[in-house]
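Some notes on the structure that comes next.
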Amino acid sequence: MSGSPKHLLGLRNMSAAEINEILETALPCKEIVEREIKKLPTLRGKTVVTLFYEPSTRTRTSFELAAKWLGADTVNIAVSTSSVQKGENFVDTVRTIEALGADFIILRHSMAGSAELLAKSVDCTVINAGDGAHEHPTQALLDLFTLKEKFGKIAGLKVAIVGDILHSRVAKSNIYGLKKLGAEVTVVGPPTLMPKEIEQLGVKVETDIDAVLKQVDVVNILRIQLERQQKGYFPSLKEYARLYGINRARLERANKDLVIMHPGPANLGVEISEEVSVHRQSVITQQVTNGVAIRMAILYLLSGGGSKDAILH
Ligand code: CP
């Protein structure tokens, strides 16, 4: 990447050129993902460690596949059976992993800023796989790649992000990326789940979901974080589904070409109905597949990879 950054911690401080370089590099990676035999020697000799303090299906697995298909060795640290359970602290854990030979540490942690702390504590390359409510940069990059694949460009697209904006790292990274590439972003959700001064990020704030869905090209539906519902941000899941859930009736009133996204995992019947999640206008499955291509591109570029076409050789 331009300026050869060592880590990927978030999109807030990335330039449009750096984001576009990742999206361009993911194109040949997608070609590899679609091949019958996917293995390349590009990262042979490198070791990629995934260290996840929070649950994950898509991000952890796609990083592991991306690393394997580029020829790297991979190790997954299951925090629940690691020495973290004996009281080992975060910095000691990551220094131990580095001493064992890691070239990349992919970190997911509930603490905002944990990836930055890790990057300051080790010499190896750090990739943020989601830090608290702060950023989830690789999710936003795969969302941008999926939109570019669908529409050919991001500039001028009208994108609505719906739901729990307050706690969502996916929303924040998407807002940074979409705005840098020239999209118009509207956020919609209960006022209790809307961060104060969110407009300062250059987004419009709306509460009338039906009016917004008539005007936008894309809706990115966020997961309602059930683990936070005891704090009473909205009266009940049934009420949330009625006011903001995307179901068939709501889709029928929306722009007829609306593209439906969800980062997963979804609470079917709450923020999205099962029928909408598998609707022909949904690109949720493509998002998951594109996650591998984007993570291959990121590993390749952060390892000092050259031109995007060199990845195939
Ligand atoms: N979208 C996302 O981060 O999913 P996982 O929690 O399954 O990784």
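Results, tabulated for the structure shown:
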read-out: Local electrostatic count at V162 - Lys and Arg +1, Asp and Glu -1, tallied over other residues with Cβ under 12 Å; value: -3
read-out: Gap separating the Cα centres of segment 143-186 and segment 12-52, nearest whole Å; value: 20 Å
read-out: Average accessible surface area per residue within segment 1-120, 1.4 Å rolling probe, Å²; value: 50 Å²
read-out: FRET E, pair R253, F151, Förster distance 35 Å, beta-carbon r, rounded to 0.05; value: 0.95
read-out: Prolate/oblate/rounded label for segment 216-297 (Cα gyration tensor, a/c 1.5); value: oblate
read-out: Stretch gain in nm, segment N20-M111, where the contour uses 0.36 nm per residue and the Cα spacing is subtracted; value: 29.9 nm
read-out: Rounded, prolate or oblate (a/c below 1.5 giving rounded, otherwise prolate when a/b exceeds b/c) for segment 68-137 by Cα gyration tensor; value: rounded
read-out: 222 nm mean residue ellipticity, helices alone, for the chain (DSSP H n ≥ 4; -39,500 (n - 2.57); rounded to 500); value: -11500 deg cm²/dmol
read-out: Acute angle (nearest 10 degrees) that the helix 169-180 long axis makes with the longest principal axis of the chain, alpha-carbon atoms; value: 90 degrees
read-out: Segments 24-34, 125-135 sorted - mean Cβ within 10 Å per residue, highest first; value: 125-135, 24-34
read-out: Residues listed by number, segment 14-34, amide nitrogen under 20 Å from R44 label point at 7 Å toward C-beta; value: 29, 32-33
read-out: Accessible surface of the chain, 1.4 Å probe, proportion on carbon and sulfur as whole %; value: 51 percent
read-out: Dipole of segment 137-287, positive end: most advanced residue of S168, A241, T146 [Cβ charges, Cα centre]; value: T146
read-out: Relative contact order [Cα under 8 Å, 6+ residues apart], segment 137-287, whole percent; value: 24 percent
read-out: Percentage relative contact order, segment 33-171, counting C-alpha pairs under 8 Å, at least six apart; value: 20 percent
read-out: Residue-by-residue Karplus 3J(HN,Hα) for segment 35-48, coefficients 6.51, -1.76, 1.60, Hz, glycine and proline x; value: 6, 5, 10, 9, 5, 10, x, 3, 10, 4, x, 8, 10, 10
read-out: Spatially proximal aspartates and glutamates relative to K86 (Cα-Cα < 18 Å; intrachain offsets below 8 disregarded); value: E54
read-out: Karplus (6.51, -1.76, 1.60) ³J(HN,Hα), θ = phi - 60°, over segment 51-56, in Hz, Gly and Pro reported as x; value: 10, 10, 8, 10, x, 6
read-out: Within a Gaussian network of the chain (alpha carbon springs, distance under 10 Å), most fluctuating of V91, V170, V219; value: V91
read-out: Relative contact order of the chain, pairs being alpha-carbon contacts under 8 Å that are 6 or more residues apart, as %; value: 22 percent
read-out: Overall form of segment 73-210 per C-alpha gyration tensor (a/c, 1.5; a/b vs b/c); value: prolate
read-out: A78/Q225 FRET efficiency (R0 30 Å; Cβ-Cβ; nearest 0.05); value: 0.85
read-out: Accessible surface, per residue, of segment 137-287 when the full set of protein chains is kept, probe 1.4 Å, Å²; value: 44 Å²
read-out: Nearest-ten-degree value, helix 58-69 long axis tilted from longest Cα axis of the chain; value: 40 degrees
read-out: Backbone HN-Hα couplings from phi across segment 116-133 [Karplus 6.51/-1.76/1.60, Hz, Gly and Pro as x]; value: 5, 4, 4, 4, 7, 9, 10, 8, 7, 7, 10, 10, 7, 9, x, 10, x, 8
read-out: Value in Å of the Kirkwood radius, where segment 137-287 supplies the Cα pairs that are averaged; value: 15.2 Å
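The values are calculated or read from the model by the stated rules, or taken from the named source; none is laboratory data. Note that the structure is a prediction, hence the values are computed from the model and not measured. Don't worry about glycine lacking a Cβ; one is built from the backbone with ideal geometry, like all the others, and counts go over all protein chains shown. These accessible areas exclude ligands, DNA and RNA; they are computed on the full protein's heavy atoms, side chains included. Shrake-Rupley method; radii C 1.70, N 1.55, O 1.52, S 1.80 Å.
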